[in-house]
Amino acid sequence: SQTIQKTDLDLSSATLVAGTTDTKGFLDGPAASALFSAPVSLALALGSDGTATHVFVVDQGNAALRAINLKDATVETLVGAALITGAVPGTLGNAGLYWPKGVAITPAGDLLVTTSDGLMQLTAPLNK
C-alpha cells in the first residue's frame, strides 16, 4: 500500500490519512490525492497541547522526506525529489537523500533522517 493510515489502538479499524491505495508516485497537495512510493518510516509531531500536528514520512521510493499537516490535511516534500537520489547538502527543498530509511524527532523539534550513507539533521523544519 502506498498510503499512510491511522489504526485504532485496539486494531479494530484504520483511517486513511494520506495517499492512494493502488497508485504510487510523487505528488504533494491535498492528503487524499497525494502520492507516495514505498513509505517506510514515520514520526509524529505533537503541538504544545499534546495534539498531533504533523506526520513525517520517509518516502523511500521517492528518496524524499514528506510532511503531512494534520490540521489542513496537506502533504509537502521537505527534502528530496522523485527520481533524484543521492546525498546532496543544501537547504530544505534543495537537499537530496540517498536511500532514506528512518526519521525521528528530537526534543528541540529537529528531525533526524537516517540514510544508507549517514544521518541528516533538519533544524526546526516546521519553523521555515
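Working note: Karplus 6.51/-1.76/1.60 with θ = phi - 60° gives the stretch 57-71 the couplings 10, 7, 9, 4, x, 9, 6, 9, 10, 10, 10, 9, 7, 6, 6 Hz, where Gly and Pro are set to x.
For Ala81, the residues 5 or more places off, or on other chains, whose built amide H falls under 5 Å of its own are Leu97.
Karplus-derived 3J(HN,Hα) values for the stretch 105-121, using 6.51 cos²θ - 1.76 cosθ + 1.60 with θ = phi - 60°, are 10, 7, x, 7, x, 7, 9, 10, 10, 8, 10, 5, 10, x, 10, 10, 10 Hz; glycine and proline are entered as x.
Across Ile68, Ile105, the residue with the most accessible area heads the list, and the full order at a 1.4 Å probe is Ile105, Ile68.
Mind running the shape call on the chain? Use the C-alpha gyration tensor, a ≥ b ≥ c as the square roots of the eigenvalues: rounded below 1.5 for a/c, prolate if a/b tops b/c, oblate otherwise. Write out the running numbers ahead of the final one.
Values: a/c = 1.69, a/b = 1.21, b/c = 1.40.
It is oblate, given that a/c is not under 1.5 and a/b is not larger than b/c.
In order along the stretch 15-30, the Karplus-derived 3J(HN,Hα) couplings, from 6.51 cos²θ - 1.76 cosθ + 1.60 at θ = phi - 60°, round to 10, 5, 9, 7, x, 10, 4, 9, 10, 9, x, 9, 8, 8, x, x Hz, and Gly and Pro are given as x. Annotation for Ala14 and Leu119: the two label points, set 7 Å from Cα along the Cα-Cβ direction, are 3.1 nm apart. In this structure, the amide hydrogen of Val17, modeled 1.01 Å from its nitrogen in the peptide plane, lies closer than 5 angstrom to those of Ile4, Gln5, Lys6, counting only residues at least 5 positions away or on a different chain.
Which sequence of Ser41, Ser33 reflects their accessible areas, 1.4 Å probe, from the largest down?
Numbers: Ser41 25, Ser33 55 Å².
Sorted by accessible area, descending: Ser33, Ser41.
The values are calculated or read from the model by the stated rules, or taken from the named source; none is laboratory data. The shown structure was predicted, so the numbers you read here are calculated from the model rather than taken from an experiment. In this analysis, Cβ positions are derived from the backbone assuming ideal geometry, glycine residues included, and neighbour counts consider all displayed protein chains. Side chains included, ligands, DNA and RNA excluded: accessible areas come from the protein's heavy atoms. Shrake-Rupley method; radii C 1.70, N 1.55, O 1.52, S 1.80 Å.
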